[in-house]
Amino acid sequence: LMVMMALMGIALGISTIFLGQVKILRQLGYSVIAFYAADAGIEEVLVNRDNPSSACVEASPCPLSNGAEYFIDIKPTGVGCTAPNYCIKSIGDYKETRRAIEIFY
């Protein structure tokens, strides 16, 4: 009985470790998707770099086909922005994981 209890304790300890690792790996995958959603937002703004604008603000983010979404914050130079032209911040969101990219040009 003692041996079985020890084996059961070891098995439960190992399963707890593995379940934690699975959760971390899942979040890592979500993080990559959120990062590339933010990158899609930057690319969308840079297509029109002479006069950047976007309808994808925090109040109405732009959805992507994989379930991720992004929103963009554009600041012209001089309004809290030290860049020569614009400061652009894009935030990608996927399953409660957010990643952001900010560029100055």
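For this structure, a couple of remarks:
- Subset of the range 64-89 (residues that are loosely packed, with under 15 Cβ neighbours inside 10 Å, closer than 28 Å to residue 28 by Cα and in contact with a Phe, Trp or Tyr (Cβ under 9 Å, 6 or more places away or on another chain)): 66, 67
- Against the criterion of being hydroxyl-bearing (Ser, Thr, Tyr) and in contact (Cβ under 8 Å) with a residue 24 or more places away in the chain, residue 90 qualifies.
- If you check 40, 59 for being among the aliphatic types (A, V, I, L, M) and modelled with pLDDT under 85, only one passes: 59.
- Pairs where the first residue, in the range 18-35, is assigned to a helix (DSSP H, G or I) and the second is of a type in the set (Gly, Ala, Ser) and surrounded by 10 or more Cβ atoms within 10 Å (Cβ to Cβ), C-beta under 7 Å, 6+ apart: 33/68; 34/68; 34/92; 35/92
- Members of the range 90-99 found to be touching a Phe, Trp or Tyr at 6+ places or on another chain (Cβ under 9 Å) and surrounded by 15 or more Cβ atoms within 10 Å (Cβ to Cβ), listed by number: 90, 91, 92, 93, 94, 97, 99
- Some residue of the range 45-59 being assigned to a helix (DSSP H, G or I) and open to solvent by 40 Å² or more (accessible area, probe 1.4 Å): yes
- Flag for residue 37 being surrounded by 15 or more Cβ atoms within 10 Å (Cβ to Cβ) and of a type in the set (A, V, I, L, M, F, W, C): yes
- Selection status of residue 22, modelled with pLDDT under 90 and open to solvent by 40 Å² or more (accessible area, probe 1.4 Å): yes
The values are calculated or read from the model by the stated rules, or taken from the named source; none is laboratory data. Being a predicted model, the structure only gives us computed values, none of them experimental. Neighbour counts are summed over all protein chains in view; Cβ atoms, including those assigned to glycine, are modelled from backbone coordinates with ideal geometry. What goes into the accessible areas is simple: the full protein's heavy atoms, side chains included, and nothing from ligands, DNA or RNA. Shrake-Rupley method; radii C 1.70, N 1.55, O 1.52, S 1.80 Å.
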